[in-house]
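Please treat every number below as a calculation from the coordinates, not as lab data. The structure presented is a predicted model; accordingly, all values stated were derived computationally and were not measured. Please note: Cβ atoms are built from the backbone with ideal geometry, for glycine as well, and neighbour counts cover all protein chains shown.
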Amino acid sequence: MPKRQINDIRAAARSIGQEITVLNAGTIGEIDAAFARLVEMRADALLVAADPFFFTRATQFVVLAARHAMPTLYSRREIVAAGGLMSYGSNTEESYRLAGVYTGRILKGAKPADLPVIQSTKYELVINLPTARAIGLDIPPNLLARADEVIE
């Protein structure tokens, strides 16, 4: 996770009287060790960074989070559909649509360097209620009402 993003998260946490600890993992074993450290620290929750390696280890994260009853937030709804607790991130379909728009412009002759930088502005909150129940977590009704999708 970029240092700027970590600083933003720390500032947001401080603004609500919370503190965060950043744990890094680049291997399967380091993910296991990070969870062991979270349990040892009695962490209240886990935010999994939007990282391609972490996405390939989605099942490992879901299993460990369930085993340790660790409320976990992911950046991809696909992980929540696979049993993760909740996600908040850009809409994957919208990102693919935008990539298609770019591809179309390039195929019509536009130079990639001349195209403006665009990114998805459609973000979605997805909550998995069976997972919440399994780890003994009650999701407040006002959060459920704000969710873009609630998996029953």
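For the reader, a short list of remarks on this structure follows.
- Note on the chain: with charges restricted to the Cβ of Lys and Arg (+1) and Asp and Glu (-1), its dipole about the Cα centre is near 420 debye.
- If you plug the beta carbon distance of residue 33 and residue 118 into 1/(1 + (r/R0)^6) with R0 = 30 Å, you get a FRET efficiency near 0.20.
- Considering only 137, 47, 98, the Gaussian network model of the chain with Cα springs below 10 Å gives its largest mean-square fluctuation to 98.
- Helical segments meeting 27 Å axial Cα length and Kyte-Doolittle -1.0 threshold in the chain (DSSP H): none
- In this simple spin-label approximation, residue 92 and residue 67 carry label points 7 Å from Cα along the Cα→Cβ vector, and these lie 2.4 nm apart.
- Modelled FRET efficiency - R0 35 Å, residue 56 with residue 111, Cβ distances, 0.05 increments: 0.55
- With an a/c value of 1.5 or above and a/b not larger than b/c for the gyration tensor axes a ≥ b ≥ c computed over the alpha-carbon atoms, the range 1-74 is described as oblate.
- Using C-alpha pairs under 8 Å with a sequence gap of at least 6, the mean separation divided by the residue count of the range 1-125 gives a relative contact order of 17 percent.
- Cβ-derived FRET efficiency at R0 25 Å, residue 101 paired with residue 147, nearest 0.05: 0.35
- In the range 67-117, the trypsin sites (Lys or Arg not before Pro) that fall in loop regions by DSSP, at most 15 other Cβ within 10 Å: 108
- The range 141-148 - phi-based ³J(HN,Hα) in whole Hz, Karplus 6.51/-1.76/1.60, Gly and Pro as x: x, 5, 6, 4, 5, 7, 5, 6
- Gap separating the Cα centres of the range 85-152 and the range 21-80, nearest whole Å: 20
- Between the amide H of residue 122 and those of 91, distances stay under 5 Å, these residues lying 5 or more places away or on another chain, with hydrogens modeled in the peptide plane.
- Three-way shape label, the range 1-150, alpha-carbon gyration tensor, a/c 1.5: prolate
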